[in-house]
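Reading through the structure tokens given below for one structure.
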Amino acid sequence: MRPRATGKVFATAACLLLLVSFVAAQSAGKLVIRADQQGARISPNMWGIFFEDINLGADGGLYAELVKNRSFEFPDALMGWAEVRKDGAKGTLRVMNENPVSPANPHFLRIELDAATGLGVSNEGFRGIGIASSATYLFSVFGRTADGGSPRLRVRLVGNDGRVLAEKQIGGLGREWKKHEASLRPGTGDPKARLELTAEGAGALDLDMVSLFPEKTWRNRRNGLRSDLAQLLADLKPGFLRFPGGCIVEGRALENRYQWKTTIGEPAERRLIINRWNNEFKHRPTPDYFQSFGLGFYEYFLLAEDIGAEPLPILNCGMACQFNSGELVPLDQLDPYIQDMLDLIEFANGSVTSQWGKKRADLGHRRPFGLNMIGVGNEQWGTQYMERYEQVAKVLKAKHPEIQLISSSGPNPDGKDFDLAWNRLRELKADVIDEHYYRPPSWFVQNTKRYDNYNRQGPKVFAGEFAAQSVRTGSPDNRNTWECALAEAAFMTGLERNADVVVMASYAPLSGHVEGWQWTPNLIWFDNLRSFGTANYYVQQLFGVNRGDFVLPVEFQAQPSGTSPTPSVFASATRDERSGDIILKVVNSSAEAASLDIEVAGAEKLAPSGTMITLTSDKLSDENSLDQPRKVAPVSSPFPGVSRQFSCTFKPISLTVLRLHK
Ligand code: AHR
């Protein structure tokens, strides 16, 4: 998560030189797809999603709540709120904790008003509140009156220019806490609106859990997700959803670790904590970043189910982030951590009569979620991790041999800690080991053969976090360039060719708010109303949508003129079981088109017309943006002239998916 000590830094210019040097090697060659040699089965989980609440990924992002600090639980209880005093209204605002809505959420706002005029607060949202025109918004608040009087509450959506976009009045507040709701239909939208609440009428009014959601959330769920962002995830056709991180699993210290049990049930009962990315980077401080857990473990399981992805929860194994405090739970005190894992398995898969299975059913999901894997710790390393993994695995394997355990090899894809992890985890007969690569694009290009000679007998590999870094890991100047995406695509052909060893892979991090990020690059970017997939996103999508079920070997035979020892064409092929399609993926990293003779050895009869999907751009520095969201995006067209031997020209700096139909 920090610039890696061992990570080499390659400037973009160096990578460009590397690619340009390929030009000399670029000539027609021959590529043979061995359709008669069906290779390994590709896991349906192969290409997935890594989700973390970083860069306002959950609160302020995927979680559709528009009110920041809705429960007045930030340490600065009025952060995000500003006082509103209409016509010199007299009275006071106080944050109190007497008889709260829930002990998990002890603070609330009291508005004491002397006369009938308006006194209250306005919420700034997460970098403003995005209000779309012609959409409906659902407002809710826990409210009660105190100390006599019967003030009413006026709720307004106010534009950046002060114009009232919509308003409602809520009356009938009683002496007990009660949830009050109103729907608001603004005529015009504003990406930077605010929510204004004013009490009218003398008396005291208590407010808590102030909430505003778009009516239209993903699958129209209450307490739901932003539909454009969830749709972008669904469109990746992901095989798995890894959640909730990332370093937030670990916490900077253990008290800030992610604890799944505090994230389910009524949102008002979910205890807020600081987000560990709040103050991680001095160059990107985000003092208003907290975790409300409105998007909690139940919602993650639902999301995974909705988008057809296997859930992959990652749980703390008694270690805080080793880049921060590195705090450890003594080995003889690990039981509560192991119990959390056992209880999670019961929550996800247990019968409705079990303690935790019943909680799932009570939340509305009687059917089990079909949990098959759990991550033991996030990005941990060293003997301290090995000892904790061993203890956890012993219990989990004894009680739940059906659950695959994901273990960690640390933050670097090589070096002392990496080797120690692999050696020990191999001895412990680990199921799947998570490897992370935040490296320059050249590393990805040079590592397309990384897994060709991996030991096939031991644990499998989860390429759990990867992203080409255009400047260096942790640099705020990293960009989601086409160069980075293309390098990742080349690397992914190597993962696909070795799908018997590499069983899962995911880009990281997943998303970032353009005004609220801490880490770059990210797969998806968004503001309050808009979102887009990067060039890297479309690479992931092309692999996810065109996965195939079996690897087919490919042999690239360069012509004599292609003398460069460094290839510029990278390829993998698979067969889709249902359609019978042969799917060829080719990355041409050269600045010139590559014309290849393709032989499909041993193929059944092929349809004369296939489908070609090309992802390319004019320049390696090109990127997508909010204003040009599809500058680098796939283009699909029929591809005529298919037979067992045919020619195909692959565009300069391109990823091409060629589907050959039966
Ligand atoms: O993806 C960002 C961070 O990188 C993750 O939280 C962590 O696992 C890694 O160090």
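Residue count for segment 526-551 under the criterion of being aromatic (F, W, Y) and more than 26 Å from G189 (Cβ to Cβ): the result is 3.
Selection of segment 146-187 for residues being modelled with pLDDT of 95 or more and of a type in the set (S, T, Y) yields only S183. The condition (being open to solvent by less than 30 Å² (accessible area, probe 1.4 Å) and free of Cβ contacts under 8 Å to residues at least 24 places away in the same chain) is satisfied by just one residue among I273, I264: I273. Would you mind stating whether P191 is in contact with an Asp or Glu (Cβ under 8 Å, 6 or more places away or on another chain) and either open to solvent by 50 Å² or more (accessible area, probe 1.4 Å) or closer than 19 Å to K68 by Cβ (or both)? Considered against the rule, which asks whether it is in contact with an Asp or Glu (Cβ under 8 Å, 6 or more places away or on another chain) and either open to solvent by 50 Å² or more (accessible area, probe 1.4 Å) or closer than 19 Å to K68 by Cβ (or both), P191 comes out as yes.
Residues that are touching a Lys or Arg at 6+ places or on another chain (Cβ under 8 Å), open to solvent by less than 20 Å² (accessible area, probe 1.4 Å) and part of a loop (DSSP other than H, G, I, E, B) are absent from segment 627-641 altogether. In segment 369-411, what count of residues is obtained for those that are within 16 Å of the ligand (Cβ to nearest atom) and polar (S, T, N, Q)? Going through segment 369-411 one residue at a time, the tally reaches 5. Residues in segment 163-183 that are part of a strand (DSSP E or B) and either open to solvent by 40 Å² or more (accessible area, probe 1.4 Å) or among the polar types (S, T, N, Q) (or both): V164, E167, K168, Q169, K178, K179, E181, S183. Selection of first residues in segment 463-478 that are closer than 18 Å to G246 by Cα and among the acidic types (D, E) and of second residues that are part of a loop (DSSP other than H, G, I, E, B) and within 11 Å of the ligand (Cβ to nearest atom), restricted to Cβ pairs under 6 Å at least 6 apart or on distinct chains, gives the following pairs, ordered by first then second residue: E465/A508. Where strands (runs of 3 or more DSSP E) fall entirely within segment 405-523, those with at least 3 residues that are surrounded by 24 or more Cβ atoms within 10 Å (Cβ to Cβ) are at 432-439, 460-468, 502-507.
Regarding segment 474-492, can at least one residue be identified that is hydroxyl-bearing (S, T, Y), modelled with pLDDT of 95 or more and within 21 Å of the chain's Cα centre (by Cα)? Yes, that holds for at least one residue.
Every test in (1) free of Cβ contacts under 8 Å to residues at least 12 places away in the same chain; (2) not in a loop (DSSP other than H, G, I, E, B) is passed by T353 save one, and that test is (2). Give me the pairs, please: first residue somewhere in segment 372-384 and touching a residue at least 40 places away in the same chain (Cβ under 8 Å) and under 18 Å from G415 (Cβ atoms), second residue anywhere and more than 16 Å from the ligand (Cβ to nearest atom) and in a strand (DSSP E or B), beta-carbon distance under 7 Å, and either six or more positions apart or on two chains. Cβ pairs passing all conditions: Q384/L328. Within segment 524-549, being open to solvent by less than 10 Å² (accessible area, probe 1.4 Å), under 30 Å from Q457 (Cα atoms) and outside any helix (DSSP H, G or I) holds for N546, G548. Checked across segment 578-593, the condition of being without any contact (Cβ under 8 Å) to a residue 40 or more places away in the chain and assigned to a loop (DSSP other than H, G, I, E, B) holds for at least one residue.
Of the conditions (1) within 16 Å of the ligand (Cβ to nearest atom); (2) at pLDDT 95 or above; (3) open to solvent by 10 Å² or more (accessible area, probe 1.4 Å), P3 fails just one. Which one is it? Failing condition for P3: (2).
Is there a residue being free of Cβ contacts under 8 Å to residues at least 12 places away in the same chain, more than 23 Å from W47 (Cα to Cα) and away from the ligand (no atom under 15 Å from the Cβ) anywhere in segment 285-292? Within segment 285-292, one or more residues are free of Cβ contacts under 8 Å to residues at least 12 places away in the same chain, more than 23 Å from W47 (Cα to Cα) and away from the ligand (no atom under 15 Å from the Cβ). Among the residues making up segment 220-236, those that are open to solvent by 60 Å² or more (accessible area, probe 1.4 Å) and either of a type in the set (A, V, I, L, M, F, W, C) or in a helix (DSSP H, G or I) (or both) are N220, Q231. Scanning for something assigned to a loop (DSSP other than H, G, I, E, B), open to solvent by 20 Å² or more (accessible area, probe 1.4 Å) and under 18 Å from L207 (Cβ atoms), does segment 153-162 turn up at least one residue? No; the residues of segment 153-162 include none that is assigned to a loop (DSSP other than H, G, I, E, B), open to solvent by 20 Å² or more (accessible area, probe 1.4 Å) and under 18 Å from L207 (Cβ atoms).
Being among the hydroxyl-bearing types (S, T, Y), open to solvent by 20 Å² or more (accessible area, probe 1.4 Å) and either touching an Asp or Glu at 6+ places or on another chain (Cβ under 6 Å) or touching a residue at least 40 places away in the same chain (Cβ under 8 Å) (or both) is a description that does not apply to T217.
The set of residues from segment 242-272 being among the β-branched types (V, I, T) and either on the phi > 0 side of the Ramachandran plot or within 16 Å of the ligand (Cβ to nearest atom) (or both) comprises I248, V249. Of the listed requirements (1) under 30 Å from A320 (Cβ atoms); (2) away from the ligand (no atom under 16 Å from the Cβ); (3) assigned to a loop (DSSP other than H, G, I, E, B); (4) among the β-branched types (V, I, T), T188 misses just one: (1).
Close contacts from segment 428-450, counting a first residue that is more than 9 Å from A468 (Cβ to Cβ) and a second that is within 16 Å of the ligand (Cβ to nearest atom) and among the small types (G, A, S), with Cβ to Cβ under 6 Å and a gap of 6+ residues or different chains, come to A430/S407; I433/S407; I433/S409; D434/S408; D434/G464; E435/S409; E435/A463. The condition of being open to solvent by 40 Å² or more (accessible area, probe 1.4 Å), basic (K, R), outside any helix (DSSP H, G or I) and within 21 Å of L312 (Cβ to Cβ) does not hold for K397. Residues in segment 446-467 that are more than 18 Å from E379 (Cβ to Cβ) and either within 13 Å of the ligand (Cβ to nearest atom) or of a type outside the set (D, E, K, R) (or both): Q446, N447, T448, Y451, N453, Y454, N455, Q457, G458.
Yes/no per residue for (1) within 22 Å of G370 (Cβ to Cβ); (2) over 22 Å from the mean Cα position of the chain (by Cα); (3) not basic (K, R):
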position	(1), (2), (3)
L303	yes, no, yes
P311	yes, no, yes
L315	yes, no, yes
D335	no, yes, yes
G350	yes, yes, yes
W356	yes, yes, yes
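Taking K460 as the residue in question, decide whether it is without any contact (Cβ under 8 Å) to a residue 40 or more places away in the chain and of a type in the set (D, E, K, R). The answer is no for K460. Of the residues making up segment 316-364, those that are within 16 Å of the ligand (Cβ to nearest atom) and either crowded, with 16+ Cβ neighbours inside 10 Å or modelled with pLDDT under 95 (or both) are N316, C317, M319, A320, C321, Q322, N324, S325.
Taken together, the criteria exclude G239 from residues that are open to solvent by less than 10 Å² (accessible area, probe 1.4 Å), under 22 Å from the mean Cα position of the chain (by Cα) and either within 16 Å of the ligand (Cβ to nearest atom) or within 19 Å of W519 (Cβ to Cβ) (or both).
The values are calculated or read from the model by the stated rules, or taken from the named source; none is laboratory data. Remember, it's a predicted structure, so these values are computed and weren't measured experimentally. Counting neighbours? That spans all protein chains shown, and the Cβs are built from the backbone with ideal geometry, glycine included. Protein only, heavy atoms only, side chains kept; ligands, DNA and RNA dropped before computing areas. Shrake-Rupley method; radii C 1.70, N 1.55, O 1.52, S 1.80 Å.
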